[in-house]
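In what follows, a structure is listed as structure tokens, so that the remarks can point back to it.
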Amino acid sequence: MGLSPINAIAAAQIAIYVPYLLIAILLASRHGFRRNAGWLYLLLFTLTRLIAASLQLSTTSTPPTPALLITTQIFYGIGLSTLLLTLLNLLGRLLSSTTTTKTIFTPRHQRLAQIVVVIGLTLGIVGSSLTASQIDSIMSGQTPFGILEIPIESQIGLGLIIAGFAGWMIGVGTCWVDYKGVGEKKLLWGLTATMPFMIVRVVFSGLGTFGYDPRFRGFGGSEEYAWWFLGMAVMMEVIVVGILEGVGLTLKRVENRGSNGSGRRGIGDAYNDPIHEKGPETEPKGNI
């Protein structure tokens, strides 16, 4: 018996995300495991996608239980917020590389967007766990099979994630206003290239969370769900990760040391550091 479409997609994800995970480990090792580097979150995202796909494939050998379905749903659900945290942290690196001191979107705004996304992620996990009783009731026959009612926690959580995503787009847009002052232009182009694919990905989550169209519901939805999931979620994430890792392999490692107005030096200070500027070599003068 062949794999169902959704299980075939999971198998393809494993084949894609294994090399993606290895590249993410390489990038995190090269650029540092600091959370403000962004690459640690990318590593976590690829790992969550591998775990979610593996859990989905495990349903082919054993009858799916409510706990297994919920765990799979949680790992799939946290992927979007983890990917967005990757993009926000890379935006922070980009902002730190600018030479302009007066910008509309500052690192403080970037950190605020991160906090909003983390809160949204937490609420999303709570909302996913609350659907366990609904799935258990449906699988036990107590409730007729149908579309699940999305908990309000999940809806608020996704709303916060969308707000953080909007902040990320504004931040990337403001970097284009001062393009000459941006120190890492490759990163700016890379983040901009991911934007249309992220928009489609966020729209897919919104249709499944706020709407009742069975084409966008994984449990209790229509058979068409697998193809919408493939086109609007899986492929979009694969493209975004491919762009980020491709750009990451071309970026130079930048040390995060010193001060940037608050006792520490930001990433961008390496671009303005007199130590890194070549000048005429002179011999030390002293008493002979």
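Tabulated data for the structure shown
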| read-out | value |
| --- | --- |
| Residue identified as assigned to a helix (DSSP H, G or I), among the hydrophobic types (A, V, I, L, M, F, W, C), touching a residue at least 60 places away in the same chain (Cβ under 8 Å) and in contact with a helix residue (DSSP H, G or I) (Cβ under 9 Å, 6 or more places away or on another chain) among I9, I14 | I9 |
| Options T71, T98: the member that is hydroxyl-bearing (S, T, Y) and in a helix (DSSP H, G or I) | T71 |
| Selected residue (criterion: surrounded by the most Cβ atoms within 10 Å (Cβ to Cβ)) from residues of segment 226-238 that are over 12 Å from the mean Cα position of the chain (by Cα) and aliphatic (A, V, I, L, M) | A233 |
| Failed item in (1) in contact with a helix residue (DSSP H, G or I) (Cβ under 8 Å, 6 or more places away or on another chain); (2) in a helix (DSSP H, G or I); (3) surrounded by fewer than 20 Cβ atoms within 10 Å (Cβ to Cβ), with F33 passing the rest | (2) |
| Which numbered condition L207 fails, given (1) surrounded by 15 or more Cβ atoms within 10 Å (Cβ to Cβ); (2) among the hydrophobic types (A, V, I, L, M, F, W, C); (3) within 30 Å of L251 (Cα to Cα); (4) modelled with pLDDT under 95 | (3) |
| Some residue of segment 240-254 being outside any helix (DSSP H, G or I), surrounded by 15 or more Cβ atoms within 10 Å (Cβ to Cβ) and either at pLDDT 85 or above or on the phi < 0 side of the Ramachandran plot (or both) | yes |
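The values are calculated or read from the model by the stated rules, or taken from the named source; none is laboratory data. Predicted model, so just to flag it, every value in this text is computed and none were measured. Reconstructed Cβ throughout: ideal geometry from the backbone, glycine too, with neighbour counts over all protein chains shown.
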